[in-house]
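Below is one structure, written out as structure tokens, with a few remarks after it.
The values are calculated or read from the model by the stated rules, or taken from the named source; none is laboratory data. Model, not experiment: these values are computed from the prediction. Glycine gets a Cβ as well: all are built from the backbone with ideal geometry, and neighbour counts include every protein chain shown.
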Amino acid sequence: MIPVLGLLVGIVLGLVLEPTIPQVLQPYLPIAIVAAMDALFGAFRAYLEGTFTDRVFVVSFISNVLIAAAIVYVGDQIGVGSQLATGVVVVLGIRIFTNAAAIRRVLFRA
Amino acid sequence: MTAPGDVQQASAEQQPERRRPAVDASMDLLNQILRQPVDPDYEIVTARGNEPSSRWRWWLAAVALVIGAMLAIAALQTTQSAPALQIERTELISRIKAAEAEQDQLRARATSLSAEIAALREAALGNGATAKDLISRLNSLAPIVGDRAVTGPGVLIVLDDAPGNSADARDRVLDLDLQMLVNGLWQAGAEAVAINGHRLSNLTAIRSAGDAITVDYRSLNRPYRVEAIGNPRTLQARFVESSGGGWWNELAQNRRMRYEVSTLSAVTLSADPGMVLRHARQRQP
């Protein structure tokens with residue numbers, strides 16, 4: 001319940017307050033969102049499997065976002081930023097799809 | 001030497017340890033992503049059986065909040081940046097239009113100022129014999145150098161790039177091609193030449209800037225219309241024989257560029273606004 005409420009409140013806050021992200025951090029926003037989606041799907045699957053814990057979710061989310069941003073940052077410094085960003089999206093995308101499929105199997109038994 | 005039986009036994013012992021048959025080792029990274037899509041820590045921590053503390057509950061809420069805010073901000077940014085780009089584009093176009101209008105205005109002002117200079121000059125020269133001589137020399141030279149609008153018979157040459165969007169720059173009209181053409185026209189005895197309405201003088205530059213050819217630093221649009229005033233009986237024939245005519249004949253035949261020469265019974269070419277007064281001297285009393 002708490003995460004869903006938090007998500008909704010966050011969306012509303014973001015829409016209402018319209019905070020501006022510093023120019024330096026803007027390229028990392030899409031990557032951070034993909035990492036966050038990966039963490040969310042993973043957490044939901046763990047929740048369905050009965051193994052969800054707040055601590056692991058918080059730690060895995062923060063570390064995933066930081067690592068994804070760091071990979072893109074290093075890529076930017078060595079001139080392959082967009083390629084590494086694609087790599088991050090592909091890897092996290094595969095995980096999202098696998099987790100979504102598992103969630104679907106548990107929820108709909110299909 | 002080991003007996004075949006020992007080998008079989010050893011592999012049978014290893015079998016339960018390896019849960020899955022080893023797939024291609026080079027695929028290990030992707031396989032691991034597929035096999036372990038959920039953070040393994042979830043299972044480890046649950047197996048340890050730690051009590052959930054309320055402190056982490058708050059962290060969870062904060063993280064959920066951050067994720068929601070990120071989604072909202074990203075969506076807002078993408079929807080807002082699209083019209084912003086469009087606005088920027090239209091603004092640039094309007095700025096170009098304004099600059100062009102200003103340039104036209106300035107040119108008109110330069111023309112009227114040079115007319116004023118001519119009137120002042122005539123007033124200052126007075127009525128003496130030398131003055132009359134000077135004025136007649138001015139009147140005969142001004143049309144030739146491009147300082148005065150002229151009317152007369154001549155030729156019209158229409159040029160354009162080769163049909164089809166060829167990437168080859170040689171299939172397009174280049175500044176060099178226009179230079180060769182104009183030089184051919186001068187050679188053929190043209191008295192006044194204009195490209196797309198821009199009168200040429202011996203100070204006019206024909207050069208390319210970016211993708212466009214500029215005459216007098218004004219960019220031209222295709223097709224290029226070159227008008228020349230000269231002796232109607234000889235101008236066209238002499239131009240075809242000149243180096244510029246030969247150059248363009250080849251371009252039209254080998255590169256299929258548009259190259260049409262026609263005669264004009266009467267055409268008016270305006271004065272070159274780039275002609276300015278560079279040297280003046282007060283009349284000796």
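Confirm whether A:Gly75 is more than 7 Å from chain B (Cβ to nearest Cβ), surrounded by fewer than 21 Cβ atoms within 10 Å (Cβ to Cβ) and at pLDDT 85 or above. Spelling it out, A:Gly75 is indeed more than 7 Å from chain B (Cβ to nearest Cβ), surrounded by fewer than 21 Cβ atoms within 10 Å (Cβ to Cβ) and at pLDDT 85 or above.
When B:His279 is tested against (1) assigned to a strand (DSSP E or B); (2) loosely packed, with under 12 Cβ neighbours inside 10 Å, only condition (1) is not met.
Mind listing whichever residues of region B:37-80 are under 25 Å from A:Leu8 (Cβ atoms) and either more than 7 Å from chain A (Cβ to nearest Cβ) or loosely packed, with under 10 Cβ neighbours inside 10 Å (or both)? It would help to see each step written out before you state the result.
First pass over region B:37-80, keeping only residues under 25 Å from A:Leu8 (Cβ atoms): B:38-39, B:42, B:52-80.
The answer is B:Ser53, B:Ser54, B:Arg55, B:Trp58, B:Ala62, B:Ala75, B:Gln77, B:Thr78, B:Thr79, B:Gln80.
Test B:Pro153 against the criterion of being under 30 Å from B:Ala280 (Cβ atoms), at pLDDT 80 or above and surrounded by 14 or more Cβ atoms within 10 Å (Cβ to Cβ), and give yes or no.
In short, no.
Being under 18 Å from the mean Cα position of the chain (by Cα), surrounded by fewer than 22 Cβ atoms within 10 Å (Cβ to Cβ) and assigned to a loop (DSSP other than H, G, I, E, B), is that true of even one residue in region B:181-189? No - not one qualifying residue is present in region B:181-189. For region A:3-17, filtering for residues that are of a type outside the set (Gly, Ala, Ser) and either within 10 Å of B:Leu60 (Cα to Cα) or outside any helix (DSSP H, G or I) (or both) leaves 1. The numbered conditions (1) within 12 Å of chain B (Cβ to nearest Cβ); (2) surrounded by 13 or more Cβ atoms within 10 Å (Cβ to Cβ); (3) within 26 Å of B:Leu76 (Cβ to Cβ) are all true for A:Thr98 except (3). Residue count for region B:205-232 under the criterion of being assigned to a loop (DSSP other than H, G, I, E, B), at pLDDT 85 or above and more than 19 Å from the chain's Cα centre (by Cα): the result is 2. Condition check for A:Arg55 on (1) farther than 17 Å from B:Ile44 by Cβ; (2) facing chain B (nearest Cβ under 9 Å); (3) charged (D, E, K, R): one failure, at (1). For A:Phe108, the criteria (1) surrounded by fewer than 14 Cβ atoms within 10 Å (Cβ to Cβ); (2) touching a residue at least 40 places away in the same chain (Cβ under 8 Å) hold in every case but one, which is (2). Residues of region A:44-54 that are free of Cβ contacts under 8 Å to residues at least 24 places away in the same chain, surrounded by fewer than 21 Cβ atoms within 10 Å (Cβ to Cβ) and more than 14 Å from B:Ala64 (Cβ to Cβ): A:Gly50, A:Thr51. Inside region A:16-32, can you point out the residues that are modelled with pLDDT of 85 or more and at the interface with another protein chain (Cβ under 7 Å from one of its Cβ atoms)? Those that are modelled with pLDDT of 85 or more and at the interface with another protein chain (Cβ under 7 Å from one of its Cβ atoms): A:Leu29, A:Pro30, A:Ala32.
Among the residues of region B:147-166, are any without any contact (Cβ under 8 Å) to a residue 40 or more places away in the chain and in a helix (DSSP H, G or I)? Looking through region B:147-166, none of the residues is without any contact (Cβ under 8 Å) to a residue 40 or more places away in the chain and in a helix (DSSP H, G or I). Among the numbered conditions (1) small (Gly, Ala, Ser); (2) without any contact (Cβ under 8 Å) to a residue 12 or more places away in the chain; (3) on the phi < 0 side of the Ramachandran plot, the only one that B:Ser265 does not meet is (2).
Here's the yes/no breakdown for (1) closer than 19 Å to B:Asp160 by Cβ; (2) of a type in the set (A, V, I, L, M, F, W, C):
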residue	(1), (2)
B:Asp175	yes, no
B:Leu178	yes, yes
B:Val182	yes, yes
B:Trp186	no, yes
B:Ala190	no, yes
B:Asn196	yes, no
B:Ser201	no, no
B:Ser208	yes, no
B:Ala212	yes, yes
